[in-house]
Amino acid sequence: MSSNVTNRKPNRDSLTAVNDDGSRFIIHPSDVSGRFTLARKVSAYALILVYAALPWVQIGGYPAVFLDTNAMRFHFFGMTFASQDLWLAFFLITGLGFGLFYVTALLGRIWCGWACPQTVFLEHVYRRIERFIEGDAIARRKLDSSPWGPRRIWKRGLKHAAFLGLSLLLAHMFMAYFVSVPGLWDMMREAPAENWKVFLFVFAFSGVLYFNFAWFREQLCIVICPYGRLQSALIDEHSMVIGYDEKRGEPRGKAKDEAAGDCIDCNRCVQVCPTGIDIRQGLQMECIGCSACIDACDTVMDKLKRDRGLIRYDSMEGLAGRKTRYLRPRMILYTALLLLGAVVLAFSLQGLGSASMTAWRTPGAPYFTNNELVRNQFMVRVTNKSNEGSFYRLELDKQLPEARVMGVGEPFFIDGNGELVKPVVIVVDRDRYTGGFSMTVRVVDDQGKTLMQRPLEFIGPTKKLAN
């Protein structure tokens with residue numbers, strides 16, 4: 001592991017986290033204060049609070065977000081989805097992905113710098129602990145280059161112990177989304193062998209978190225995450241990005257040089273960057289849009305009594321002195337597609353109902369026949385998706401005078417979030433059998449309201465063979 005070099009200059013033609021010899025360049029960003037930093041802190045801690053609170057908040061008798069994989073029930077803010085509703089995950093996944101594309105086209109990589117869990121936990125939790133234990137960026141670089149001794153061992157040991165403890169805490173918080181807080185507490189009081197799969201997952205996930213936040217850090221954004229590489233296709237000249245006003249800042253020079261631009265080449269924007277880039281070299285793949293360079297530059301401009309905004313949120317057109325167009329064909333198309341997706345999702349959610357049903361033909365021969373009858377057998381699973389027990393019954397869509405039906409008409413009770421599988425048998429006398437026919441089985445509640453229906457096909461021998 002290579003130590004940080006204080007006088008290293010970022011090179012636009014190479015990765016900022018890699019030295020010229022290919023070794024890892026450890027980035028120790030300096031701390032910064034300002035309006036955007038304060039807003040990011042408030043946003044980050046609010047997101048962390050929401051993440052920690054959701055398994056505790058009860059809505060309709062269940063946590064606000066509870067992915068009960070054991071029972072295959074998924075609870076989202078009072079709505080319960082069964083395994084049969086997993087097709088709705090298509091809207092969730094595509095909606096999140098397309099929503100990210102939409103935000104990027106409008107506001108650049110604001111997700112990365114303000115809301116991505118990698119940035120939120122690294123910049124506002126792990127690095128805060130690191131700064132508290134090891135000191136500011138200069139002290140951390142000095143500690144990197146110092147020989148191993150009691151002081152370095154103590155500080156590094158304390159930091160990594162805190163990182164391990166925090167990683168375990170985050171992994172347990174994540175697991176609470178799948179087993180609930182009471183379930184997690186019960187597992188923690190039992191022997192690890194009683195829940196060895198959960199035990200292994202928590203510690204493996206803790207190890208991944210520790211490795212990422214203690215060492216891998218910005219490499220995740222630069223090497224693994226494809227989002228930075230996609231930004232050139234997602235943004236255009238009118239997207240909001242963080243940029244350097246070259247017309248105003250160049251040529252760089254000392255503050256007292258009247259022939260120089262506003263940039264005094266203090267490198268403060270480089271020192272505070274969590275990915276180590278020089279924003280003055282233009283928009284780069286490593287930039288996560290965190291705005292640290294804006295606050296750093298604004299602080300310098302305030303001291304020099306010059307206008308803020310040498311580094312700012314703006315479009316490439318705006319930085320070039322031209323007008324930014326927010327309403328453009330790409331944004332109109334994206335807005336229309338988002339609205340279309342929202343309408344389809346709303347329509348799909350309305351059709352879910354409080355119960356679901358699946359029906360299938362019993363395994364084995366598709367039908368049974370002898371000299372007296374032709375028989376079809378089906379299995380119907382009814383799932384109560386509400387949190388309270390309820391009575392249901394099965395009905396066919398029409399009376400079949402030529403058939404005898406067993407398994408429908410009688411009411412049955414299903415507990416909240418429970419299910420029941422019932423056999424449905426349809427028999428037709430051989431002398432009245434005229435061939436296969438279609439029908440529909442319905443599940444109705446105790447008020448007679450149809451909740452869901454499924455088609456069934458009665459099959460048997462051809463009419464010629466039947467005779």
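Here, each number is a calculation from the coordinates, and none is a lab measurement. Quick caveat, the model's predicted, so the values are computed rather than measured. When we count neighbours, we look across all protein chains shown, and the Cβ atoms used for this are built from the backbone with ideal geometry, even at glycine.
How far, in degrees from 0 to 90, does helix 150-179 lean away from the longest principal axis of the Cα atoms of the chain, to the nearest 10? Approximately 20 degrees, to the nearest ten. Considering only Cα-Cα distances, which of the following residue pairs are longer than 29 Å: K197/K422; K155/K303; K41/K305; K385/K422? Violating the 29 Å limit, Cα to Cα: K197/K422; K155/K303. Label reach from C266 (point 7 Å along Cα→C-beta): in segment 301-338, amide nitrogens under 19 Å belong to 301-313. Just to confirm the number: angle between the C-alpha axis of helix 35-53 and the first principal axis of the chain, 0 to 90 degrees, nearest 10? Roughly 30 degrees, rounded to the nearest 10. Ranked by the mean number of other Cβ atoms within 10 Å of their residues, highest first, the peptides 380-387, 221-228 fall in the order 380-387, 221-228.
Once C-alpha pairs closer than 8 Å and six or more residues apart are averaged by separation and normalised to the residue number of the chain, the relative contact order reads 14 percent. In this structure the amide hydrogen of L15, modeled in the peptide plane, comes within under 5 Å of no amide hydrogen from residues 5 or more places off or on another chain. At full extension, E237 and W56 could sit 60.7 nm farther apart than now, given 0.36 nm per residue minus the alpha carbon distance.
For the chain, the C-alpha radius of gyration sits at 1.39 times the compact-globule guess of 2.2 N^0.38 Å, with N the residue count. Sorting the segments 109-117, 91-99, 28-36 by their residues' average number of neighbouring beta-carbon atoms within 10 angstrom, most packed first, yields 109-117, 28-36, 91-99. Counting Lys and Arg as +1 and Asp and Glu as -1 over every other residue whose Cβ lies under 10 Å from the Cβ of C290, the net charge comes to 0.
Peptides 428-434, 407-413, 239-245, 101-107 ranked from most to least packed, by the mean per-residue count of other Cβ atoms within 10 Å: 239-245, 101-107, 428-434, 407-413. Computed over segment 367-467, the P(r) tail beyond 16 angstrom holds 58 percent of alpha carbon pairs. Converting phi to 3J(HN,Hα) with the Karplus coefficients 6.51, -1.76 and 1.60 and the offset θ = phi - 60°, segment 356-368 yields 10, 8, 10, 9, 8, 6, 4, x, x, 4, x, 7, 10 Hz in sequence order, with x at every glycine or proline. Each residue of segment 419-433 was assigned a 3J(HN,Hα) from its phi angle through the Karplus expression (A = 6.51, B = -1.76, C = 1.60, θ = phi - 60°), giving 8, 9, 10, 10, x, 10, 10, 10, 10, 10, 4, 4, 6, 9, 6 Hz with x at Gly and Pro. Here, segment 82-185 yields an orientationally averaged convex hull projection of 10.4 nm² when only Cα atoms define the hull.
Using 0.36 nm per residue, how much length does the chain from L169 to V344 gain when fully extended, once their Cα-Cα distance is taken away?
Full-extension gain reported as 59.2 nm.
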